[in-house]
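Read-outs: derived from the displayed coordinates by stated rules, not from any lab. Not measured: the values here are computed from a predicted model. Quick reminder, even Gly has a Cβ in these numbers, built from the backbone with ideal geometry, and neighbours come from all protein chains shown.
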Amino acid sequence: MSNEELTARWQGALMNNYGTPLLPLVRGAGSRVWDADGKEYLDFVGGIAVNALGHAHPAVVEAVSRQIGSLGHISNFFMSEPTVTLAERLLQHFGRDGRVFFCNSGAEANEAAFKIGRLTGRTHVVATEGAFHGRTMGALALTGQPGKRDPFLPLPGDVTHVPFGDAQALAAAVTEETALVVLEPIQGELGVVVPPVGYLKAARAITAATGALLVLDEVQTGVGRTGHWFEYQAHEGVLPDVVTLAKGLGGGLPLGATIAFGRAAELLQPGHHGTTFGGNPVACAAGLAVLDTIENEGLLENVKRQSEKLRTGIEGAGHSLIDYVRGAGLLLGIVLTEPRAPQVRAAAQEAGFLVNVPAPDVVRLMPPLNLGDDEVEAFLGALPGILDAAAASGE
Ligand code: PMP
C-alpha cells in the first residue's frame with residue numbers, strides 16, 4: 001500500500017477534522033518513522049509529545065504485552081495494581097501527598113479539574129488568552145483561542161480570559177468568587193510561548209490570597225518534557241492545587257491524569273465523575289514503563305543536554321530566517337523572522353525530518369526524550385539546507 005493509496009482510502013473513510021494527514025506512517029523505531037512508500041524520517045514531533053520514549057521502546061512494548069496478556073480492564077468498580085503503583089509513583093515525583101484521577105486524554109484531565117473547581121461551590125474561572133486545554137466543551141471553555149471556540153458558542157462556565165504572562169491582569173480578574181485559575185506553564189499550542197520569570201509564582205500568590213484553586217495544565221510540559229518531572233518544579237515557590245497530565249505519560253497509549261493536592265484532593269466524591277477506561281491497567285503499565293525509563297536512562301539530564309545542543313546549534317546556524325529559539329527542554333519553538341513555518345515544515349519533510357507548525361512564524365520541535373547525539377547532529381546538519389529551501393520556496 002503506497003502513500004497515495006492510503007491517503008485516498010483515508011479520504012473516503014475518515015472525518016476531515018484535522019485536514020488531510022501530512023503522511024501515512026507505517027512503522028517506527030526510536031526517533032525514526034517510515035512512511036508507506038518506505039521513506040525514513042527523524043520524528044521531531046513525537047506525536048506532539050505523545051511519544052516520550054520514541055516508537056516501539058522495548059520497556060513499553062514489554063510492559064504493555066505483559067499486562068494485556070494477564071489482566072485487561074474490567075471497570076473502575078474494581079482495581080488493579082499497575083493503577084495504584086502509577087498513582088503512587090506520580091505522587092512521589094510531585095513530592096507531596098495527593099490523589100490521582102486517571103482518564104484517557106488531556107481534555108478529559110482538564111474536564112476533571114474544571115469539575116473539581118466547581119465543587120468548591122464557586123463558579124467563576126480565570127484562564128488565559130491563547131491557551132489550549134482541549135476540545136471537549138468544558139476544556140474548550142477554558143481554551144483561549146477564538147478560532148477553536150467560536151463555532152461552538154455558547155460554551156459552559158463563567159470563564160474570564162486574561163492575557164498570558166500578565167500578573168497584573170490576572171490579579172485584577174481573580175475575585176473571592178473565583179473557583180479556579182488554569183494556566184499552562186508554557187503555551188505549547190500557541191507557539192511555545194514562555195511567560196515572564198515570576199509569573200507562576202505570582203499566580204500562586206494571587207490564588208492563595210482569594211482561595212481559588214491553581215490548576216496547572218502540564219499536558220504538554222509534564223513528564224520530563226522540559227527537563228524536569230513537571231515544569232512548575234523549575235519555578236521556585238509554586239505549589240499548584242491541581243496538575244493535569246496526558247500525552248507523554250502513556251508512552252503512546254491514551255492516558256491522562258488529574259492530580260489534586262490538599263483540599264482539592266478531597267472534593268470529588270463517589271458519583272461525581274468517572275470514565276470507563278480511566279486507570280486501565282494496560283495504559284498504566286505503559287505509564288510505569290515511561291517513568292521507569294526516564295529514571296533508569298537518566299532522561300531528564302538527556303533532555304537538558306540535547307536541548308542546549310539544539311538551541312545553540314539552531315541559533316548558531318546564523319540563518320536569516322531564524323530569529324531565536326524559545327521554550328524549555330525538548331519543547332522548543334524556532335521563531336522565524338518571516339511567517340514561513342509551513343514552508344520550513346514541508347522542506348524538512350522532504351529532507352526526512354518531521355517538525356510541527358503551531359503558528360505561521362514558529363516551528364515546534366518536540367522529539368522523544370531519549371533523542372540521541374547523532375540525531376541532533378543529523379538535524380543540525382540538515383537545517384541550513386532546509387531553511388534555504390524554505391526561503392527559496394515560491395509558495
Ligand atoms: N492541554 C494542553 C496544554 C495540550 O497541549 C493539549 C493537546 N495539545 C491538551 C490539553 C489536550 O489534550 P488531548 O488532545 O489529549 O485532549
* **Coordinate range along principal axes, alpha carbons of the chain, Å, largest first** => 57, 53, 44
* Asked: Going toward the positive end of the dipole of the chain, with +1 on Lys and Arg Cβ and -1 on Asp and Glu Cβ, which of V197, L22, Q343 do you reach last?
  -> V197
* Structure fact -> Between the Cα axis of helix 341-351 and the main Cα principal axis of the chain, the angle (0 to 90°, nearest 10) is 50 degrees
* Structure fact -> Expressed as a whole-number percentage, the relative contact order of the chain with C-alpha contacts under 8 angstrom and at least six residues apart is 21 percent
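How high is the FRET efficiency between L22 and R311 when r is their beta carbon distance and R₀ equals 41 Å, given to the nearest 0.05?
0.95
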* If you plug each phi of the stretch 91-105 into the Karplus form 6.51 cos²θ - 1.76 cosθ + 1.60 with θ = phi - 60°, what whole-Hz ³J(HN,Hα) values come out, in order, with x for Gly and Pro? -> 4, 4, 6, 6, x, 9, 6, x, 9, 10, 10, 9, 9, 10, 7
* **Leading residue at positive end of dipole, the chain (Cβ point charges), from G256, L332, W10** => G256
* To do: State whether the stretch 251-295 is rounded, prolate or oblate according to the following rule on the C-alpha gyration tensor (a ≥ b ≥ c being the square roots of its eigenvalues): a/c under 1.5 gives rounded; otherwise a/b larger than b/c gives prolate, and the remaining case gives oblate.
  => oblate
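Using a/c under 1.5 as the rounded threshold, could you call the stretch 141-257 rounded, prolate or oblate? The axes a ≥ b ≥ c are square roots of the C-alpha gyration tensor eigenvalues, and prolate needs a/b larger than b/c, oblate otherwise.
oblate
What order do you get for 205-211, 368-374 when each peptide is scored by the mean count of other beta carbon atoms within 10 Å, highest first?
368-374, 205-211
From the square roots a ≥ b ≥ c of the eigenvalues of the alpha-carbon gyration tensor of the stretch 330-390, which class results: rounded (a/c under 1.5), prolate (a/b over b/c), or oblate? Walk me through the numbers before you get to the answer.
Details: a/c = 2.05, a/b = 1.33, b/c = 1.54.
Taking the square roots of the gyration eigenvalues as a ≥ b ≥ c, the stretch 330-390 is oblate.
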* Asked: Between T123 and E81, what FRET efficiency follows from the Cβ-Cβ distance if R0 is 35 Å, with the result rounded to 0.05?
  -> 0.35
* To do: Arrange the following residues from fewest to most other Cβ atoms within 10 Å of their Cβ: R9, R345, R305.
  => R9, R305, R345
* Structure fact -> For 1-8, 96-103, 25-32, ranked highest to lowest by mean beta-carbon neighbours within 10 Å, the order is 96-103, 25-32, 1-8
* Stretch A378-K115 to full length: gain in nm at 0.36 nm per residue minus the Cα-Cα span? -> 90.1 nm
